[in-house]
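Notes for the one structure printed next.
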Amino acid sequence: MTTQRSTKERKSLMLIRKWMLGFAVIGTFLIGIRHLFPGEAASGGAFDAFCPFGAIETAWAYLTSGQTLKTTSLLNFAIFSGVLAVSLVAGRAFCGWMCPLGAVQEWLASFARRLGGEKRHVRGKRTKAWLPLSLPIGLDRPLRYAKYVILGLVILFSAFTVYPPLHSFCPVRAVFSFKLNTGLMWSVLITFIGTSLLVERVWCKYLCPLGATLAIFNKVSPVRLSARFQSLQPLWAL
Amino acid sequence: MKIDPYNYPIIIILAFVIGLTLALALGFQSPAWES
């Protein structure tokens with residue numbers, strides 16, 4: 001009885017998560033599509049101004065000169081505050097429940113599983129599909145530290161740049177901003193799609209500097225999805 | 001302490017909205033929105 005109830009709960013919760021990720025993707029697309037309409041480009045600022053990580057990129061400039069980097073604004077700090085509040089309460093919940101880039105990566109991984117021969121994937125179960133690939137632990141473990149290196153480099157370079165350090169390489173801009181006006185942006189988009197098909201959530205696991213920032217709060221956040229809930233027991237612990 | 005699993009999305013959405021609203025109220029907003 002408990003198992004039946006918790007299976008239903010788990011499915012409902014996963015459905016809510018899908019809806020939340022869907023809203024995040026649609027919302028980010030709408031922010032990106034604004035500049036395709038006449039007179040809408042400046043409304044609310046550039047695409048970068050809505051990025052939570054933009055706050056970290058522009059923090060040094062703002063603290064030392066009172067000015068934000070180009071394409072960023074004080075709005076970045078507001079969005080970051082929202083993400084920070086989520087992280088203080090529930091660790092990296094933002095990454096799994098609200099991040100549009102994470103959602104796109106999940107969809108690409110799901111598509112890759114179909115390409116790899118799996119018709120229906122049950123979350124948490126070992127997949128039979130050969131795609132997406134799992135990196136060997138010897139490679140996976142050290143690569144997970146790369147995002148912390150990227151975070152450090154971004155903070156370092158943010159002291160010397162006019163634009164946010166990730167402005168030209170950001171996969172969120174490549175996927176959502178509809179501004180693929182450089183060869184580099186096209187390369188980022190193609191690399192992002194290719195690697196996301198090969199390895200599930202490759203950007204989140206190994207490269208995302210926002211994820212590296214939020215990981216700090218995993219240690220202090222009181223609420224998290226209980227591992228026991230994943231195995232169909234509805235126990236949540238504070 | 002146990003909490004209802006359904007509260008998890010509500011908690012994170014509320015946390016996001018409260019954090020965002022507080023920061024906007026403190027003046028952290030796009031220059032285009034300032035009155």
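Peptide A:71-79 has a mean of 6 when you count, residue by residue, the C-beta atoms of other protein chains within 10 Å of its C-beta. With the charge dipole of the range A:93-185 set up from +1 on Lys and Arg Cβ and -1 on Asp and Glu Cβ about the Cα centre, the Cα lying farthest toward the positive end among the listed residues A:172, A:139, A:127 is that of A:127.
Averaged over the residues of A:8-20, the number of partner chain Cβ atoms lying within 10 Å of the residue Cβ comes to 2. Modelled spin-label separation between residue A:128 and residue A:143, with each label point placed 7 Å from Cα along the Cα-to-Cβ direction: 2.6 nm. Could you tell me which residue out of A:45, A:60, A:102 lies farthest along the dipole of the range A:34-164 toward its positive end? Charges go on the beta carbon: Lys and Arg +1, Asp and Glu -1, centred on the Cα centre. The one lying farthest along the dipole's positive direction is A:102.
Inter-label distance, residue B:25 to residue A:162: 3.9 nm, where each label sits 7 Å from its Cα along the C-beta direction. If you take the square roots of the eigenvalues of the alpha-carbon gyration tensor of the range A:14-150 and sort them as a ≥ b ≥ c, do you get rounded (a/c under 1.5), prolate (a/b over b/c) or oblate? It comes out prolate by the Cα gyration axes. Counting Cβ atoms of other protein chains within 10 Å of each Cβ in B:6-13 and taking the mean gives 6. In percent, rounded to a whole number, the relative contact order of the range A:118-198 is 27, using alpha-carbon pairs under 8 Å and six or more apart. What you get for chain A, charging only the Cβ of Lys and Arg (+1) and of Asp and Glu (-1), is a dipole of about 1260 debye around the Cα centre.
Read-outs: derived from the displayed coordinates by stated rules, not from any lab. The structure presented is a predicted model; accordingly, all values stated were derived computationally and were not measured. Reconstructed Cβ throughout: ideal geometry from the backbone, glycine too, with neighbour counts over all protein chains shown.
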